[in-house]
């Protein structure tokens, strides 16, 4: 048995896996692929050379298939860097379940830098889900720096859901996207920081083709002494639609900085954003407490709903 | 007669003046005060030393008085720099009408840098109106770089209306404000750029006292090849309310960049912003044209309403 209980718990947290799923799977543990299986439509192979990593090719016309590519770090103080390339073939419709879980019981820092390139070919549809999670000793430092570069080709549709569940001490999330003619990109981000954690998210979307559309929806909660910096830039180079929305709940001694950036380079570009940073609404709290919840239970319920 | 017709036209454009108003007035033309009169409650005097300029003191308890302090540049290629200090005494209620008009018929650039410090003492109320306007030959460069530093003391209320009417080729508007306990600041900005004009506006507001509030409302229109950069940062250091709203109409080959920035440093800070960049709504245009307006007339009517 290659995977122990600890491994399976991490895989469940970041990729909802209760066993090894059917279909295409690649599980990376401490820098190595411990399980790799392709399916007839989704081919997994190794990238070699300067930028070692995984290549995932989803064949054109593939229908409703899912590929799991989670990463786990269990060896204390392990430093992992990987370059992954995902190609979703023309008119394919697929789901990629990524994610990274760290278990670190040491005083050292464990770190995963995942550099993902995602290409969604003409007319294809992709749903991409990535969850980040850390656990372990109080002195451990769990660091996750995902870099994602996305190309949405003509008429393609991509939805990315990126969630930082908890236990990540330091993260710099960098996402760059290029949306071509009639392409459609939606990025949903959910983030929770606690203790002394720091999270930085930097999203840059270039809408380059006529009729392109992009949307960024970010929700975050900052508790205790944590710090969050959210920056999302929308650059409309043509007749396009773009929208950024970020809502944050701030608690305790946390600090949140939110910097959306709109750049209209064409008179037919329509770009909008909204943002709000504030505490939990008092009425919501009182309502739940009047139903018998303690204050802590009520807060937890509200945060859970907010980040869902 | 110190002021000629050209002077009066400029003064009318930037300060709505049809003659020399009663009460406190200071008219600066090409670097010199050509008219200065104090009133019993509003005392005008010269600042000397390293930072020459005008000092305006509004006595505590003053009620409903207005002071006019416009600046005009009529000498081609004139470069003017002035430091002005405005002190609104405790519990006073006053209006300051500033503004700068340039008439430049040369190939040289005329430039006015006004560095304004505005202090609104406890419980005082200030309305501050500043209009910028340039005219002259096609080869002329009219440059206006206003720097404004505002302190809103405990319980004071300040509303600033800053308008760039037209004809300003290059502007860097820099505004910094500090809002104390229960102080309230509202900044309204209106901006039109055309041709090859560039406008940069940089607003930074620190809400430092409990119960402080700040609001920035920006509306702008960018036509032809012009470029606008709008940055507004709200920093909430305490239990406070802050809101930034920016709406821009983009036309022709213009480019607009909008970067609001929210920084919550306290869990009781509530900060929000909204922004939209887009073209004139088609339905509005069609409605006005169906009432008999030409397309140009309809566009002008919509822009006028938007910037009012």
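With the requirement that a residue be more than 14 Å from the chain's Cα centre (by Cα) and closer than 18 Å to residue B:85 by Cα, what does the stretch B:113-124 give you?
B:119, B:120, B:121, B:122, B:124, listed by residue number.
What is the one condition in (1) modelled with pLDDT of 90 or more; (2) more than 7 Å from chain A (Cβ to nearest Cβ); (3) under 22 Å from the mean Cα position of the chain (by Cα) that residue B:308 does not satisfy?
(1) is the only condition that residue B:308 fails.
Out of A:131, A:127, I need the residue that is on the phi < 0 side of the Ramachandran plot, crowded, with 18+ Cβ neighbours inside 10 Å and under 16 Å from the mean Cα position of the chain (by Cα). Which one?
Going through A:131, A:127 in turn, just one is on the phi < 0 side of the Ramachandran plot, crowded, with 18+ Cβ neighbours inside 10 Å and under 16 Å from the mean Cα position of the chain (by Cα): A:131.
State whether one or more residues within the stretch B:59-75 are free of Cβ contacts under 8 Å to residues at least 24 places away in the same chain and under 24 Å from residue B:160 (Cα atoms).
No, there is no match, as no residue in the stretch B:59-75 is free of Cβ contacts under 8 Å to residues at least 24 places away in the same chain and under 24 Å from residue B:160 (Cα atoms).
Return the residues of the stretch B:93-111 that are assigned to a strand (DSSP E or B) and within 14 Å of the chain's Cα centre (by Cα); say none if nothing qualifies.
B:95, B:96, B:97, B:100, B:101
Can you give me the ranges of the strands (runs of 3 or more DSSP E) entirely in the stretch B:166-236 with at least 2 residues that are buried (at least 17 other Cβ atoms within 10 Å of the Cβ) and away from every other protein chain (no Cβ under 14 Å)?
Correct list: B:170-179, B:184-193, B:198-207, B:212-222.
Being over 30 Å from residue B:181 (Cβ atoms), in a strand (DSSP E or B) and out of contact with any helix residue (DSSP H, G or I) (no Cβ under 8 Å at 6 or more places or on another chain): is that true of residue B:257 here?
When the stated conditions are applied, residue B:257 passes them.
Quick test of your reading of the structure: residue B:266 fulfils all but one of (1) in a loop (DSSP other than H, G, I, E, B); (2) touching a helix residue (DSSP H, G or I) at 6+ places or on another chain (Cβ under 6 Å). Name the failing condition by number.
Here residue B:266 meets the rest and fails (2).
Tell me which residues, restricted to the stretch B:147-159, are surrounded by 23 or more Cβ atoms within 10 Å (Cβ to Cβ) and within 11 Å of the chain's Cα centre (by Cα).
Once the filter is applied, which keeps residues that are surrounded by 23 or more Cβ atoms within 10 Å (Cβ to Cβ) and within 11 Å of the chain's Cα centre (by Cα), the stretch B:147-159 yields only B:148.
Looking at the structure I just gave you, is residue B:114 in contact with a strand residue (DSSP E or B) (Cβ under 6 Å, 6 or more places away or on another chain) and at pLDDT below 95?
Considered against the rule, which asks whether it is in contact with a strand residue (DSSP E or B) (Cβ under 6 Å, 6 or more places away or on another chain) and at pLDDT below 95, residue B:114 comes out as yes.
Quick check on residue A:66: is it under 23 Å from residue A:10 (Cα atoms), buried (at least 18 other Cβ atoms within 10 Å of the Cβ) and either touching a strand residue (DSSP E or B) at 6+ places or on another chain (Cβ under 9 Å) or at pLDDT below 95 (or both)?
Taking the combined requirement at face value, the residue does not satisfy it.
Can you spot a residue in the stretch A:152-164 that is at pLDDT below 95 and touching a strand residue (DSSP E or B) at 6+ places or on another chain (Cβ under 7 Å)?
Yes: the stretch A:152-164 contains one or more residues that are at pLDDT below 95 and touching a strand residue (DSSP E or B) at 6+ places or on another chain (Cβ under 7 Å).
For the stretch B:76-86, check the following and say yes or no: at least one residue is under 30 Å from residue B:137 (Cα atoms), surrounded by fewer than 15 Cβ atoms within 10 Å (Cβ to Cβ) and within 19 Å of the chain's Cα centre (by Cα).
yes
For residues that are within 23 Å of residue B:234 (Cα to Cα) and surrounded by fewer than 14 Cβ atoms within 10 Å (Cβ to Cβ), scanning just the stretch A:250-301, find the one that is farthest from the other protein chains (Cβ to nearest Cβ).
A:281
Does the stretch A:279-286 contain at least one residue that is touching a helix residue (DSSP H, G or I) at 6+ places or on another chain (Cβ under 7 Å) and farther than 22 Å from residue B:244 by Cα?
Checked the stretch A:279-286: at least one residue is touching a helix residue (DSSP H, G or I) at 6+ places or on another chain (Cβ under 7 Å) and farther than 22 Å from residue B:244 by Cα.
Count, please, the residues in the stretch B:47-63 that happen to be modelled with pLDDT of 95 or more and over 22 Å from residue B:145 (Cβ atoms).
7
The values are calculated or read from the model by the stated rules, or taken from the named source; none is laboratory data. Since the model is a prediction, treat every value here as computed from it, not as a measurement. For neighbour counting, all protein chains shown are included, and Cβ atoms are generated from backbone atoms with ideal geometry for every residue, glycine included.
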